[in-house]
Structures are given as structure tokens and as C-alpha cells.
Amino acid sequence: MDPLTLLLIVVVALVVIGGGAFVATRSRGRDLELEPREGSTAVIDRPVDLDEPTDLVDGDADVGDVAVIDEPVVEEPVVEEPVVKPSFFDRLGKARSAFTGYLGGLVGLGKLDDEAWEDLEEALIRADVGVSTSMKLLESVQSKAKEAGAEDGAQVLELLKAEMQAEIAGKDRSLTIDEGETNVWLFVGVNGVGKTTTIGKLGKRLAAEGHSPLMAAGDTFRAAAAEQLTMWAERTGAEIVRGNEGGDPSSVIFDGVQAAVARDCDVVLADTAGRLQNKTNLMDELSKVRRVAAKEPGHVSEVLLVLDATTGQNGMSQAKVFAEAVDVTGVVLTKLDGSAKGGIVFAIESELGIPVKLVGLGEGVDDLIDFDPDAFVNALFE
């Protein structure tokens, strides 16, 4: 065999041997890939049937299988902040300062003479308690002071405080909702006292208590009144009925009652246009609104006169006329926190016999609260 042929045979032999070793190495490599290393997780390349039930739990998975389990998202519970009602003491600082300012000079007196009693009467009148109510209160205080032998200023003021609490105690201040009726609460008063805002705040309160309020935009003369009430309805989740601008307010209230029946609402909060108490034709119209609101299936359970506490004795003249026109069942006294003359409460209740049911102690939606006579008097004297 010549050298060239021998060389070719050697080269071919080397190629054959080398190729076999390469194939064996690749095969061994694949085997190694299929064998999981200690402490590792192998993933097999095969389709997974998501509907196929598995009994896999931690530590029981077959080698090469990966069980992916979505843990449920645990949402943090929504904790609503408790509504903190405003206190009379915190919000009646202006009225308290004025009242104690009038009475401060009496505290240190060892004995009240006639002039001191006159000063006390003047202080009550300045606080808008009213002339007749002030005289009535002091007559009773003088009589009790004589019986108890109380002569110094501090003792007399304690007697006055107790007498003022007794004067406004024992009245029914609840807001009436008769079961099985389509209750109508009619809101009346002059312009700018806060009727529409009062309705909005009460709507929120009633909804929170589980009632289904409907707001009727019976103020068809003020351009923004219906829009304002609609905004409150959207804010509180209440139903709303409104009419055409300049339309008949009685018709709007009547439609509101009909809508309340259809929508299963138990309270109709009926707004009315503000009107001056000396306008006879407007007061006659208000009387008509009340009559229409009381037609079946309507049931007028409250007529609430809204008064601005800062107007003082002017509010008394308003209250008298409105009470005659629509048989007022209660008073809502707004802006009491901004008034230095909180004594108007005594004048209203003593002279008119109408209970103050709600008072506004701020601009917030939760600042319209039930009137508490004891807390009110305590806030004036403390």
C-alpha cells in the first residue's frame, strides 16, 4: 500500500471516531438537562390543561411540574370615619361671649339691688330673649331666690340658668315620619335663610337612617334653586323632581308626591320660594302649596320654618306670619354658631309655642343637628 492511500485511511478513521464522540456528548448533555440538579426545579415543556383538577400541595409536586396558584387578593376593609357631631359649647363661642359679657358684672355682687335686677333684665333683652320672655323669667327667678334666700350674684345666675332650661324643656322636638304614608316636609321662610341647604343636609341624614327621600324643587322663581337642589340630590343619592322656571310651585310639589309613590320614597322634602312675610299674595300662595301637598296620597307631617339666627327679633315677626299661614310645626335655626344673640330660641318657644327642632352650627353637611335645650343653655353659661 502506497503512503498516500495509508494517509487517507488514517484521516477517515479519525473523522469517524471524532463524530461518534460528538454525538455521544450531545446525547449525554440532553440527559443531563432532563435530570434536575439537586436543589433546583425542572420545568417540562408540555401544554397544561387549566381545567384539569390537581391535588398538588407544597412539597408534593412531581419533578418537572410547576403548580402556579394565584393567592386571593385580600383587600383592606374600608373603615368609615365616625361622624363627629359639633358640640354646642364649641360652636356657640360668640353667643356665650356676648351673654357672659352682659352678666359678668353680676357674678361678684354680694347682693342684687334693684339696679342689678334691671341690668339683668337688660342683658336678657340684648341677647334677644325678648321683652315679655325676659320679664317672665326674672319674675320667676326673683320669687325662687326669695324662697331660697339666695341674694348674691352667683346664686341668682344659677337660678336663672335653671329657669331658662325649664322654659324650653319638655317639648317634642322629633321629626315626624308616619309609617305607611307619603310624608311631606314643607320648608318655608324668607330669602337667604338656608332652606335649600337645609333640605340637602337633611336628605343625607335621612338616607343614612335608611329612609328614601325625594327632593321637590318647589322654588321655581330663583334661577339657581333647582340646580342647587339637584346637586344636593346627586350628592346624597336622593330622588329629585323639578319643574319649569317660573312655573306653579304647587304643581311641582304635587308631582313630587306622585313621583314619591311611584319610586317608593317615604319622605318628600319640598322646597319653596323665599318670600317676605308682609307680602299677602305670596303668603296666600304658600297656603295653597300646603293644601296641595296634603292632597292624597300626600301627607304633610312637618312644616319647618327656617330662620336665620343672626336676624334676631326680625325672625320673630317672620315666624308669627308664617305660623298663621301654614301651621308651622317646628323651627330650623340656621347660623346659630355665627350669632351673638342666641336668646331668640327662648323668644320663639315662649311667645309662639313652636319648638326649635334643628339648629345649624356650621357649614358642613353634618353641622345641622337636633336641638338640645340643656346643652344649649349650658353652653351659654359655661
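The values are calculated or read from the model by the stated rules, or taken from the named source; none is laboratory data. Just so you know, these numbers come straight off a predicted model, no measurement behind them. Positions of Cβ are backbone-derived with ideal geometry, glycine not excepted, and every protein chain shown enters the neighbour counts.
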Query raised in the report: If you check 284, 266, which single one turns out to be among the acidic types (Asp, Glu), modelled with pLDDT of 95 or more and out of contact with any Asp or Glu (no Cβ under 7 Å at 6 or more places or on another chain)?
Result: 266
Query raised in the report: Among the numbered criteria (1) part of a helix (DSSP H, G or I); (2) more than 19 Å from residue 360 (Cβ to Cβ); (3) touching a helix residue (DSSP H, G or I) at 6+ places or on another chain (Cβ under 8 Å), which single criterion is violated by residue 261?
Result: (3)
Requested in this report: For the range 238-249, indicate whether the set of residues that are more than 21 Å from the chain's Cα centre (by Cα), over 22 Å from residue 179 (Cβ atoms) and touching a residue at least 40 places away in the same chain (Cβ under 8 Å) is non-empty.
Outcome: yes
Query raised in the report: Hey, among 139, 147, which residue is at pLDDT 90 or above, under 22 Å from residue 350 (Cα atoms), part of a helix (DSSP H, G or I) and out of contact with any Pro (no Cβ under 7 Å at 6 or more places or on another chain)?
Result: 139
Report summary line: If we keep only residues of the range 311-351 that are within 25 Å of the chain's Cα centre (by Cα) and surrounded by fewer than 20 Cβ atoms within 10 Å (Cβ to Cβ), then the residue modelled with the highest pLDDT is 335
Report summary line: Reported set for the range 278-298 where residues are charged (D, E, K, R) and under 32 Å from the mean Cα position of the chain (by Cα) is 285, 288, 290, 291, 295, 296
Requested in this report: Could you run through the range 102-126 and say how many residues are under 20 Å from residue 144 (Cβ atoms), modelled with pLDDT of 85 or more and exposed (fewer than 13 other Cβ atoms within 10 Å of the Cβ)?
Outcome: 3
Query - Residues satisfying the stated conditions in the range 202-231, i.e. crowded, with 24+ Cβ neighbours inside 10 Å and either in contact with a His (Cβ under 8 Å, 6 or more places away or on another chain) or of a type in the set (D, E, K, R) (or both) - result: 219
Requested in this report: Would you mind telling me which numbered condition in (1) polar (S, T, N, Q); (2) touching a residue at least 40 places away in the same chain (Cβ under 8 Å); (3) over 21 Å from residue 315 (Cβ atoms) residue 258 fails?
Outcome: (2)
Query raised in the report: Just to be sure, is residue 296 free of Cβ contacts under 8 Å to residues at least 24 places away in the same chain and within 27 Å of residue 261 (Cα to Cα)?
Result: yes
Query - Residue identified as over 30 Å from residue 256 (Cα atoms) and in a helix (DSSP H, G or I) among 159, 112 - result: 159
Query - Residue pairs meeting the criteria (Cβ under 8 Å; at least 6 apart or on separate chains; first assigned to a helix (DSSP H, G or I), in the range 215-236; second surrounded by fewer than 16 Cβ atoms within 10 Å (Cβ to Cβ) and not aliphatic (A, V, I, L, M)) - result: 226/245
Query raised in the report: Do you know which residues across the range 237-251 are assigned to a strand (DSSP E or B) and not hydrophobic (A, V, I, L, M, F, W, C)?
Result: 239, 242
Report summary line: Looking across the range 142-161 at residues that are more than 16 Å from residue 377 (Cα to Cα) and basic (Lys, Arg), the single one that is surrounded by the most Cβ atoms within 10 Å (Cβ to Cβ) is 144
Query raised in the report: Does any residue of the range 273-290 turn out to be among the aliphatic types (A, V, I, L, M) and under 27 Å from residue 180 (Cβ atoms)?
Result: yes
